[in-house]
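A.B. asks: Encoded as structure tokens, here's the structure I'll be asking about.
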Amino acid sequence: MNKKKLQSRERSLFKAVSFRIWATLLTMVIVYFFTGELALMAGIGIADFVSKIFLFYAHERLWEKIGFGKEKSTISST
């Protein structure tokens, strides 16, 4: 039996969190590089993480519903 699994909501959430950690760290480094201010770096980092984690999760779930580029699952009985 060959059945393609759909991505779970939990997997989408964990992918979103792991990506946001890396992306937020990069944003914080860039802010610090340009401003030299730790408080500004932290504030922007927190706002970036919180807002974009929800955006990324919604984006992942939306794309899970779109059939474009997906292979149809085949179920064969033996």
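A.B. asks: What single numbered condition from (1) surrounded by fewer than 11 Cβ atoms within 10 Å (Cβ to Cβ); (2) at pLDDT 85 or above fails to hold for residue 1?
C.D. replies: Here residue 1 clears every test but (2).
A.B. asks: I'd like to verify a number: residues in the range 23-56 that are aromatic (Phe, Trp, Tyr) and either under 20 Å from the mean Cα position of the chain (by Cα) or not in a helix (DSSP H, G or I) (or both), how many?
C.D. replies: In the first step, residues of the range 23-56 are kept if they are aromatic (Phe, Trp, Tyr); the result is 32-34, 49, 54, 56.
The next check asks that each one be either under 20 Å from the mean Cα position of the chain (by Cα) or not in a helix (DSSP H, G or I) (or both); those that pass are 49, 54, 56.
Of the residues in that region, 3 qualify.
A.B. asks: Pairs only if they're at least six apart or on different chains, beta carbon under 7 angstrom, first in the range 45-57 and of a type in the set (A, V, I, L, M, F, W, C), second assigned to a helix (DSSP H, G or I); list them, first residue then second.
C.D. replies: So the pair list comes out as 49/20; 49/24; 53/16; 53/17; 53/20; 56/16; 56/19; 56/20.
A.B. asks: Look through the range 26-52, keep the residues that are in contact with a Ser or Thr (Cβ under 9 Å, 6 or more places away or on another chain) and aliphatic (A, V, I, L, M), and return whichever of them is farthest from residue 6 (Cα to Cα). Give the derivation first.
C.D. replies: First pass over the range 26-52, keeping only residues in contact with a Ser or Thr (Cβ under 9 Å, 6 or more places away or on another chain): 41, 44-46, 48-49, 52.
If we keep only those that are aliphatic (A, V, I, L, M) too, we end up with 41, 44, 46.
Numbers: 41: 37, 44: 34, 46: 31 Å.
Filtering the range 26-52 for residues that are in contact with a Ser or Thr (Cβ under 9 Å, 6 or more places away or on another chain) and aliphatic (A, V, I, L, M), the one farthest from residue 6 (Cα to Cα) comes out as 41.
The values are calculated or read from the model by the stated rules, or taken from the named source; none is laboratory data. These numbers were taken from a predicted model, which means no experiment stands behind them. Note that we place each Cβ from the backbone using ideal geometry, even for glycine, and neighbour counts take in every protein chain shown.
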